[in-house]
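Beneath this line is the structure, given in structure tokens, with notes to follow.
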Amino acid sequence: MEHRTAVIFTDKNIRRLFCVNMLIIAVFMIVSLLFLGSVPEKAAILIFISALVFAAAEVVSLILFFKAQNDVIENADNKISEYISGNKDARIECELDGALYKLFHKVNSLASILNAHAENELKAKLFLKDAISDISHQLKTPLTALNIYNGLITDAEDIGEVREYAELSESELDRTENLVRDLLELAKFDAGTVVLKKRAENIAEMMESVKKRFLFRAEQEGKEIRLKGNDMELICDRWRMQDAIGNIVKNAIDHTGKGGIIEIEWIKIASSIRIYIRDNGRGIVSEDLYHIFERFYRSRNSSDTQGAGLGLPIAKSIIEAHGGTIEVSSEVARGTVFTLNFLITTNL
């Protein structure tokens, strides 16, 4: 009860009304006492008249108070109407104290939250529009190639030509399949439906598996993949983590020329495990560096003509789903370093 009373009296207008009423009552009591002492025979009539005067003063003070409150509420109503009509910057003045202004402050906060949601919805719609456009573009290329190859197969007379075009068609089908798979993977992370099968995994064994995945390509292109680190465990979903690191390694190979070196190193620092993926390739220009984790974004220096620009976004989603972080630094003509950080935890 005391708390509610204290909240009521934080309103400046209510405090003023209370003080005015107390003053009127005090003045009335003083006047009544003066009448009783000076003219006792007419005291009753004078006190009655003064009571009417002071009652009128009370009524006037109440009218003025409620008028002021009504003006405040009407102003708030107008601001809310403005907001509903489309003025997203409309806000109710709530610089004073009191329960009513506290309510106005919450209404303003709600308006800000609604604006943020609306802005996010707009960004989501724009992203969806761009994504659909990008997906259409990415699918159009292999489908067009498939149409051409099928036409050539139909017209081919030599079995060698048929085999050649069939192999090219198969390559385009694989490209389409990989694109669809990557899109589905990202959609799962966006929807929060990915279930990670975490367990303690030996990092050295996982990195050896990643190296074997790209070893043939690296040897064919005259590049070297090096591993560096001691035996230690990371609680993770082995296959998804290998996919994430594999996507980063593939990106490193794409940006590294003949004779290049890609190094994967893992160390334990305090209560975290840090994994570095370094290369001594062409590096990433600063204009690209801030966009490499965006979907469908491909560096202007990329030599990967088959990629759709989804590998790094998928890697980032997997790493963050494990509670980790990923950072990148690069210097043109000197190479790039991806740094992955994971807190050490015993909980699966």
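The values are calculated or read from the model by the stated rules, or taken from the named source; none is laboratory data. Owing to the predicted nature of the structure, the values given are computational and were not obtained by experimental measurement. With ligands, DNA and RNA removed, areas are computed over all heavy atoms of the protein, side chains included. Shrake-Rupley method; radii C 1.70, N 1.55, O 1.52, S 1.80 Å.
Rounded to the nearest 5, the antiparallel percentage of DSSP beta bridges internal to region 190-266 is 40%.
Candidate cross-link partners of residue 250 among the lysines, defined by an alpha-carbon separation under 29 Å and a same-chain spacing of 8 or more, comprise 129, 140, 188, 197, 198, 211, 212, 223, 228, 258, 268, 316. Is the C-alpha gyration tensor of region 154-285 telling us rounded, prolate or oblate? Criteria: a/c under 1.5 is rounded; beyond that, a/b larger than b/c is prolate, otherwise oblate. In terms of gyration-tensor shape, oblate. For residue 227, nonlocal amide neighbours, meaning residues 5 or more places apart or on other chains whose placed amide H falls under 5 Å from its own, are 264.
The alpha-carbon of residue 79 sits under 18 angstrom from the alpha-carbons of these aspartates and glutamates, leaving out residues fewer than 8 places away in its chain: 71, 89, 93, 95. Which of rounded, prolate or oblate describes region 135-196 when judged by the alpha-carbon gyration tensor and an a/c cut-off of 1.5? Cα axes put region 135-196 in the prolate bin. DSSP beta bridges fully contained in region 149-301 are about 65 percent antiparallel.
With θ taken as phi - 60° and the Karplus curve 6.51 cos²θ - 1.76 cosθ + 1.60 applied, the whole-hertz 3J(HN,Hα) list for region 152-164 is 5, 5, 4, 8, 5, 10, 8, 5, x, 5, 4, 5, 4 Hz, x standing for glycine and proline.
In region 238-291, carbon and sulfur make up what percent of the accessible area (probe 1.4 Å)? Let's see the in-between values first.
Values: 1170 of 2200 Å².
About 53 percent, which is the carbon plus sulfur part of the accessible surface.
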